[in-house]
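Reviewing the structure listed below.
The values are calculated or read from the model by the stated rules, or taken from the named source; none is laboratory data. Just so you know, these numbers come straight off a predicted model, no measurement behind them. As a convention, Cβ positions derive from the backbone with ideal geometry for all residues, glycine included, and neighbour counts pool all protein chains shown.
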Ligand code: NAD
Ligand code: LMR
């Protein structure tokens, strides 16, 4: 067995944390032969709840779980971290303006980025799940100038998985028949799930569905699925979000030919360099790479531009607040 990998999870006592930690402990994040040390970061009032989750983790007697530390201290949480899953965030509450939300999250992701810069291992990989995920990742990345920018990512894998599932149901095929699907842009209602480059059983997905379903049903239902879950469950998606976080990190570490992830733009596809935007990506040797040469038709161009404009506006807002 290899030496344990240190995995830090913020917001560990929350509902995503509860679904995520047991899957990490069972080896699904990194591999079935990779032991893990868990570091759970919580705010002080939630430490007791995190202790309860840790008791349950111990009760699982997971062979790969080397240790669990629970803390409200950033240095302790990120010291030597190889993987950081930034899940805890400030949710929008009644009366809160967008600027207030960004400022409140800047107060979380700025210091966490700084702590990662100062204390994490040199191979640190960061996935931001807490919303607004892309811009929270941007804030953390700017607060960690010594860490290569491409180690900071935000999660659009849940959107990717949702899109695959909805398309598979529409075409009555297994999810495994769907290839080369891409989520572009922001993890928000402006995201663009692209079926023009998606292939199902060797044929274009867009050619197998009618345009009315693609534009009037598929795109809005994928983009608003998070809100639909909140309405149905009375709480935001948790197990599916945890599952997508597992998929994202597993593929980052172990490699994949094609998925969607929000990564720092290098200017590809006209997305301004520096924005953390979702792209078609592959992973090899522990590095994401934006897949080049994907055709973008006029319809897709308009959708991508709209989502990227929203990301640029969020970036400008946090810049004005002095957060980046
Ligand atoms: P939750 O409210 O159940 O849990 C959040 C936890 O974070 C709480 O235990 C809270 O104490 C903790 N926390 C708050 N501030 C913290 C800080 N500064 N440091 C450490 N911990 C802190 O929420 P949840 O359902 O687990 O969701 C977490 C986040 O994930 C939310 O922002 C949610 O919107 C987001 N989310 C993202 C996606 C995605 O696809 N990117 C999907 C679902 C949910
Ligand atoms: C989701 O996509 O399920 C979440 O981002 C929704 C939310 O607002 O927490």
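Provide a single number: the residues in segment 211-263 that are in a strand (DSSP E or B) and more than 15 Å from ligand 1 (Cβ to nearest atom).
3
Just to be sure before I move on: is residue 5 in contact with a strand residue (DSSP E or B) (Cβ under 6 Å, 6 or more places away or on another chain) and over 16 Å from residue 115 (Cβ atoms) in the structure I sent?
When the stated conditions are applied, residue 5 passes them.
Under 6 Å between Cβ atoms, at least 6 apart or on separate chains: pull out the pairs that start in segment 99-123 with a residue that is assigned by TED's automatic domain parsing to the domain that holds residue 149 and end on any residue that is within 16 Å of ligand 2 (Cβ to nearest atom) and assigned to a helix (DSSP H, G or I).
Once the first residue is assigned by TED's automatic domain parsing to the domain that holds residue 149 and sits in segment 99-123, its partners that are within 16 Å of ligand 2 (Cβ to nearest atom) and assigned to a helix (DSSP H, G or I) give 105/136; 109/136.
Quickly run through segment 1-17 and pick out the residues that are touching a helix residue (DSSP H, G or I) at 6+ places or on another chain (Cβ under 6 Å) and either more than 20 Å from residue 59 (Cβ to Cβ) or within 16 Å of ligand 2 (Cβ to nearest atom) (or both).
Scanning segment 1-17 gives 8, 11, 16.
Which of the following residues is surrounded by 22 or more Cβ atoms within 10 Å (Cβ to Cβ) and within 16 Å of ligand 2 (Cβ to nearest atom): 194, 159?
159
Within the bounds of segment 37-50, is there any residue that is within 16 Å of ligand 2 (Cβ to nearest atom) and surrounded by 17 or more Cβ atoms within 10 Å (Cβ to Cβ)?
no
For residue 146, work out the one condition from (1) farther than 17 Å from residue 280 by Cα; (2) outside any helix (DSSP H, G or I); (3) within 14 Å of ligand 1 (Cβ to nearest atom); (4) at pLDDT 95 or above it doesn't fulfil.
(3)
Of these, 110, 130, which one is at pLDDT 95 or above, outside any strand (DSSP E or B) and more than 16 Å from ligand 2 (Cβ to nearest atom)?
110
Return a yes/no flag: does segment 190-199 have any residue that is more than 17 Å from residue 306 (Cβ to Cβ), in contact (Cβ under 8 Å) with a residue 40 or more places away in the chain and more than 25 Å from the chain's Cα centre (by Cα).
No, the conditions are met nowhere in segment 190-199.
Within segment 19-36, can you find the residues that are farther than 23 Å from residue 105 by Cβ and either surrounded by 23 or more Cβ atoms within 10 Å (Cβ to Cβ) or touching a strand residue (DSSP E or B) at 6+ places or on another chain (Cβ under 7 Å) (or both)?
If the condition is that a residue be farther than 23 Å from residue 105 by Cβ and either surrounded by 23 or more Cβ atoms within 10 Å (Cβ to Cβ) or touching a strand residue (DSSP E or B) at 6+ places or on another chain (Cβ under 7 Å) (or both), then 24, 25, 29, 30, 34, 35, 36 are the ones that fit.
Within segment 1-98, which helices (runs of 4 or more DSSP H) (wholly inside it) include 2 or more residues that are more than 20 Å from the chain's Cα centre (by Cα), at pLDDT 95 or above and more than 27 Å from residue 254 (Cα to Cα)?
47-59, 74-78
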